[in-house]
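Everything on this sheet refers to the single structure shown next.
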Amino acid sequence: MSKIYLWPQCKASRSGHFARGSITNDCLTLSGLDEKTLAQNLIDTFLSSLANDRAEQAIGIILSGTGSDGTRGVRNLKSRGSLILVQEPSTAKYESMPQSAVDTGLVDYILPPEKMPLQIVRYVNNGRNVLISGHQKDMEHADEIVIRIIEILRSAIDHDFSRYKKNTIIRRIERRMAVLGLTSSEQYMSVLENSKHETSILFKELLIGVTSFFRDSEAYAILKDKYLPELLREREQDKSIRVWIPACSTGEEAYSVAIMLSECVKQLDKHYDIQIFATDLDARAIETARAGLYPESISGHVSPERLNAFFDKKDNAYQVKKSLREMITFAQQNIIKDPPFTKIDILCCRNLLIYFSSELQKQLIPLFHYSLNKSGILFIGTSETIGIFHDLFSSLDKKYKIFKKIDAAPFPHPLLQFPNSNPVPRMRDKKISKSSQPLKNTSTAKMLKMILAQSDITSCVITDDAAEIQFIHGRTSQYLELAEGKASMNLLKMARHDIRQGLAKAYHTAKGEGHECRTEVLCRQADNIREQVNIVVRPLTDSEFGKGLMLVIFETVVIESAKDNGEIPALPQVNSNSDEAKRLKEKLRITQKNLKTTIEELELSNEELKSTNEELQSTNEELQSSNEELETSKEELQSLNEESVTVNTELQKRIEELVTANDDIQHLLESTSVASIFLDNQFNIRRFTTSVRNIFPLTDSDVGRPIAHFACSLENANILSHAKSVQKSLQTKTIHLPDQKGNIYRMRLRPFRTVNNVIDGIVITFEDITELNHLKEKSSRLKENTNRLAVVVKDAYDAVTLQDPDGNILAWNNAAEQLYGIAEQNALKMNIRQVIPQHLHGNTHELYRKLQHEDVRALPVERIGNNGQHILVALTVTRLLDQHGKVQYLATTEKCLKTLST
C-alpha cells in the first residue's frame, strides 16, 4: 500500500505549531519544537528519514519555499535510489528552495505542479526490477546486460565500473529505465548508446556522491579529541601534515577534516604546514568543492561557533573562509587507475569501499598502507572494514573504524599494481638455481604425453642443458648406474663404462649443432650376449618445457647370441705379435688417454659453466630486484608527478582568481578618482593610480624607484618624513596642503596591512578638497548669519512663530510668549488653532488653505491674549517651499492692533 506524507503541513497539536517529523518503520513520528528550533531544517530531517526507511520506494517532491531546506534531503534520497521531483522555479511563488534543490544536479524531473501527478503515476506503473523480471529472470542474462552497459560507459567516459558491486549497478540502471518509462533493457542500451546526456546522468548516479559536514559526528569527535592531538604532538613545529581524502564529492568531508585540524592546532598552540589533497572522479563535484559555497541547511550539521569561525554568510548560503580553502587542494582523480598520493599522515576514505567489489577492496587497502607514513591514520566508514589486512593496520577504534598503520617489513602482500597501467614485475618466491626449474611444475602425465608424441620409446631420459637428468621413462638400469663418489644425476657420469664415450660424443654433437644425433655402440652383456646399443639424442624445442632440454633414447639390438651347442662365436682374432697390432694398441692407448683428458677437461668446463650460470642467475635475480625497486620508485615519481599536476592546476586556478581580483581592484582605484601611491617598506613606489600624475610626474617605468626622487606640486609636502613617521607609529596621519595653483589637498598616510595583519608598506592618498573648503566657508557664513537672524527674531517686539502646513507650532519667540501668555516649551506642543477663538476655527481652516498658495501681508486676525481676552493682530505670513514647490513651513509675524471686547 502506498503512503503519501505532506510536510511540513503536519501539526504537532491543536495549537497549530509545526512539529519535527520523521519516518521510522513506515510510521510518521512527530516531536514538538520550541521557537528556537522551529525553522531548522525540518524538511531535510523528514526527507532523510524517508530515504533511510523506504529507500528506492520513496518519492520526494520539493515545492515552493524559501531558503535551502530540503537540499540535503534530496542528496540522501538520491543516494538510496529514490525518485525526486522539483517544482519548476519560474512557476513557484518562492523559488529559492526549489532552485537550491535543482542546483544539486540530482533531480529527476523539474515540472510545474500540475504535471507531477501524471509523471508519478507513469513512474509507478513502469515498476522496478525490470532487468530480472519475466523472461530476463536468469541472472546470467542480467549480468550480460550489465557488462554491455559497463562497456558502453567505459567507451564513452573512460571509467570502468566492472569492479563495482553489481547489485548497486543493477538498481541504478533499473531506476533510470523506470524514470525514462522503458521496460526493455535493449531499449535502454539503445538510448545509452545514442545519448551523451543519458550517459552522463547514469555516470553521476553510479558515482553516488553523497556527503555532509561531520557525517557520523561521534566518529569525528573521537578522532579530534583523542587521535589527532597524539599525531600532532609527535610532529615537530612547522613540519607538514599531509592528508589525502579520496572520493571527496562536493568537499564537505574535506572541509570537516580541515576544521578539525585547525581547531587541534589552535588548541596545541603550534604551527604546522597543513596540506590536504581532496580528490574525486566527478569534475563537477570538484568545482563545487573548490568554490566552498553551501546552502543554509548545513547549519543542521555545523555548530554556530564553527559557522562563525570558518564560514562567511552570503545571502542564503555559507561560504568557507579563504584561509580554510587555501589549505585544501582539490583535483580530479580516478583512485582505481591513477597513482596514489604518498607520504600521507591521515587518509580519510569514508563510505567508498562499500560500493566496490571485494577484489577491488583487496587492492585498495594495501594501496592505502603504501600511501601512509609510519604510524599514519586510516579513517574509513562505520560500515566498512579492512578485511584480511590485519597485518597492515592496527585498530584504534573498532566502532568508528579508525586504524593505525603497521610498518610491515618485509611487505607481506604483492607489490602495488594499477589496473590500467603496466604491471610491476613480481619476484619469484624461491631462488632459481637450475635451468630445469620449469619441469618441476610439469605433471607426469603431461610429460609422458610429450614423450609418446615423439615416437614409440621404451627407455629414455630428459636432461637440462647441463646434462642433469630431470625425468626418466622406462627401464634404464642397463644403460645408467650410480657413479662412484658424491651422488649425482648427471647423465654423462651415470652412463655405464661401455657406452659412456659414444653417449658423450652424441650428446655434445646434438647440443652444439641443435639437431638430432644418432650413434651405435657395441658391448658385451652378461650370459655371453653380444649387443648393439642405439643412442638417439634429440633437442626438445617445445617452449612449454623451457629451453635447453634434451631427450636421450636408448634401444638395445642383439647382434649375436650362443649357438645351439652353447658356444659363443669368437670375435675376430688379431695376431698380438704383429707390428700392426702393436701399432693399433699404441694408437688406442694414446686415443683413450686423450679421450680421458678431453672428458676431464669437458667435465671441468661444464662445472665452470654451471658455476658461471649460477652466478648469472644470481645476478639476474639482483637485477630483477633492482628493477622492482625502480618500478616502485617509478610509481612514487608518478604519484609525485600527479601531486605536482594537481598543485599546478590549483595554482593556475588561483592565479586566474588573483588576476581577476587585481583587475577589479585596479578598476575600483581608477573609478574612485582618488590619487593614491603605494610604497613598500623601503619607501619605493609599488603602485600608483593614474590621477596621481596631477601631483607627481610619474610614468609606468618609475615603479620601484624611491618616492624621494620625485618633485611634488604640493607646497611643503615632506612626504618621506611623514611616511617614516607613520611607519614608526603605525597610526594614520592626515595633512591639508595647498598646491601651486591654489587648490587644497587632503593628504592621508596609513600603514598597508596584509590579510595576515603584517605591515607591508605605506598607502598615501591625495583628495582634492578645494570645493569642500569653499562649501564649508559658505556654510560657516550661512550659519553665522542664521545665528544672527535667530538673535534678532528671538528679541523682536513682534510675535514671531514657525508652523508646519497643518498649523503645528515649531518655533516661538519671547514676544509671542508675552503676547499670548504661553511659555515656549508649552507652545511647541500646541497647534496654532488653540490660540484662535473657538467661533473662528472655520475661518482659520479657510485661512490656512489660502496660505498654501500665497504669502500674506498684514492680514487682521483674532487671537486669544494672555489675559484670556480676544485681541486683533496684524498677521504677516511667509511661505518656505521645498525643491518641488510644496509648502514646507509657514513663518508668521503678529503685531497686536487692539483688544476686542469679549
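Just so it is clear, none of the values below were taken in a lab; they were calculated from the coordinates. All values reported here derive from a predicted model rather than from experimental measurement. Using ideal geometry, Cβ is built from the backbone for each residue, glycine included, and neighbour counts are taken over all protein chains shown.
Structure notes:
- Residue 756 paired with residue 880, simple spin-label distance in nm, labels 7 Å along Cα-to-beta-carbon: 5.9 nm
- Under-5 Å amide H pairs with residue 239, H placed in peptide plane, nonlocal only: 273
- Euclidean distance of C-alpha centroids, segment 744-801 and segment 858-879, integer Å: 43 Å
- 517, 349, 27 arranged by Cβ crowding within 10 Å, fewest neighbours leading: 27, 517, 349
- Cα-based shape type of segment 137-207, given that a ≥ b ≥ c are square roots of the gyration tensor eigenvalues and the cut on a/c is 1.5: rounded
- Cross-link pairs exceeding 32 Å in C-alpha to C-alpha distance, out of 204/313; 511/582; 313/733; 850/895; 239/398, comprise 511/582; 313/733.
- Under 5 Å, built H, 5+ apart or other chain: amide partners of residue 341: none
- Cβ-placed point charges (K, R +1; D, E -1), dipole of segment 783-827 about Cα centre in debye, nearest 20: 160 debye
- Computed about its Cα centre, the charge dipole of segment 286-411 is approximately 160 debye, with only Lys, Arg, Asp and Glu carrying charge at their Cβ.
- Taking 7 Å steps out from each Cα toward its Cβ at residue 888 and residue 186 produces label points 8.6 nm apart.
- If the segment from residue 91 to residue 588 were pulled out straight at 0.36 nm per residue, it would be longer than the present Cα-Cα gap by 167.2 nm.
- Calculated FRET value between residue 283 and residue 855, using beta carbons and R₀ = 60 Å, to 0.05: 0.20
- Placing a pseudo-label 7 Å from each Cα along the Cα-to-Cβ vector at residue 581 and residue 638 gives an inter-label distance of 8.2 nm.
- Linear extension gain, residue 654 paired with residue 391, 0.36 nm per residue minus alpha-carbon span: 90.5 nm
- What the Cβ-Cβ distance of residue 269 and residue 24 gives, at R0 = 51 Å and to the nearest 0.05, is a FRET efficiency of 0.65.
- Ranking 279, 299, 250 by Cα position along the charge dipole of segment 201-311, where only Lys, Arg, Asp and Glu carry charges on their C-beta atoms, puts 279 farthest toward the positive end.
- About the Cα centre, charge dipole magnitude for segment 137-207 (Lys/Arg +1, Asp/Glu -1 at Cβ), debye: 360 debye
- Placing R0 at 35 angstrom, the Cβ-Cβ distance between residue 532 and residue 616 gives a FRET efficiency of 0.30 after rounding to 0.05.
- The trypsin sites (Lys or Arg not before Pro) of segment 244-323 that DSSP puts in a loop, and whose beta carbon has at most 14 other beta carbons within 10 Å, are 321.
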